[in-house]
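Take a look at the structure set out below.
The numbers here are math on the coordinates, done by the rules we state, and not lab data. Fair warning: this is a prediction, and the values are worked out from it, not measured in the lab. All Cβ positions, even for glycine, are placed from backbone atoms using ideal geometry, and neighbour counts span all protein chains on display.
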Amino acid sequence: MTSPETLEVGKRARQAVPTGPEWLLRDAWTEATRHLRVIPRNPELIAFATIQPIMFVLLFVYVFGGAITAPGYSDYNQYLLPGIMAQTVVFGSATTGVGLAEDLSKGLVDRLRSVPMQQSAVIVGRTLADLVKNTFTFVIMLVVAFMVGFRFEGSLFQALVATVLLLLFSYALSWVQALVGLSVKSVEAANSLGFLWMFPVTFVSSAFVPTETMPNWLQPIAENNPFTRVTNAGRALYNGLPADGAVVEAFAWSLAIIGVFAVLSFRKFRQTTAR
């Protein structure tokens with residue numbers, strides 16, 4: 001529980017905080033660099049984050065690849081690996097919820113309230129730092145994908161758009177995870193709940209197999225899954241196939257998720273820190 005002295009100091013600090021988007025971005029980047037500076041002192045954070053997607057690539061390519069076909073693609077790798085890339089950035093967003101829950105449990109957020117900074121920058125900075133870490137993990141996984149035979153069959157520009165789309169979707173889900181981290185009472189709960197919903201979202205989709213192979217009752221769920229929309233758009237761009245509006249729809253989903261969950265996260269943050 002926050003002490004009256006801390007609340008009074010925080011109140012005076014907030015009164016002296018410059019307002020406006022420019023100062024929000026400055027404060028958010030300052031907060032983001034605080035999280036990023038931890039990585040050189042704790043390289044295991046990146047090491048563990050890259051092991052999981054590499055394992056998924058190797059398992060699906062070499063264990064299941066010979067038994068699964070994807071009509072319309074030169075080989076299963078070209079179908080699978082964009083799905084693995086999408087899954088990687090989704091799983092990487094879980095660190096946002098865990099990190100915020102940890103900061104709250106350690107009282108760090110209370111200390112930040114006593115300094116002259118925009119309070120929303122705490123969440124924005126966390127999501128930006130996790131986006132940078134996710135980008136690094138994505139690059140490593142892309143190198144592994146090329147080593148097992150994946151290629152950009154579309155143009156370099158299409159591949160760049162696909163990559164931006166996947167990272168934007170990752171950033172969008174970081175806001176979902178931010179709400180999770182602010183809503184639970186422990187780091188363990190944030191970790192469990194953060195991964196609980198991601199498994200059905202990623203596996204009930206077109207990431208690993210065409211949705212046509214699923215039971216009839218499950219196909220509409222998988223096809224209308226936002227993760228499927230983003231995966232299909234990225235897959236089409238990487239393979240140089242017609243996207244048929246999927247790219248615009250995928251970007252729209254990402255921006256809509258950011259808009260909704262950013263508002264919910266800011267509101268929950270104010271409620272949590274006001275106690």
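Structure notes:
- Note on Cα Rg over 2.2 N^0.38 Å: of the candidates (i) 0.99; (ii) 1.18; (iii) 1.08, the value calculated from this structure sits at (iii).
- Placing unit charges on the Cβ atoms of the charged side chains and taking the dipole of the chain about its Cα centre, the candidate lying farthest along the positive direction among PHE199, GLY259, PHE91 is GLY259.
- Alpha carbon centroid spacing (whole Å) that separates the stretch 168-184 from the stretch 187-251: 17
- A cut-off under 14 angstrom between Cβ atoms defines the neighbours of ALA172, and their net charge, with Lys, Arg +1 and Asp, Glu -1, is -1.
- Rounded to the nearest 20 debye, the dipole size of the stretch 175-275 about its Cα centre is 640 debye, using +1 on the Cβ of Lys and Arg and -1 on the Cβ of Asp and Glu.
- Cβ-defined net charge surrounding SER186, 12 Å radius [Lys, Arg +1; Asp, Glu -1]: 0
- Each Lys and Arg Cβ is given +1 and each Asp and Glu Cβ -1; about its Cα centre, the stretch 4-273 then shows a dipole of about 880 debye.
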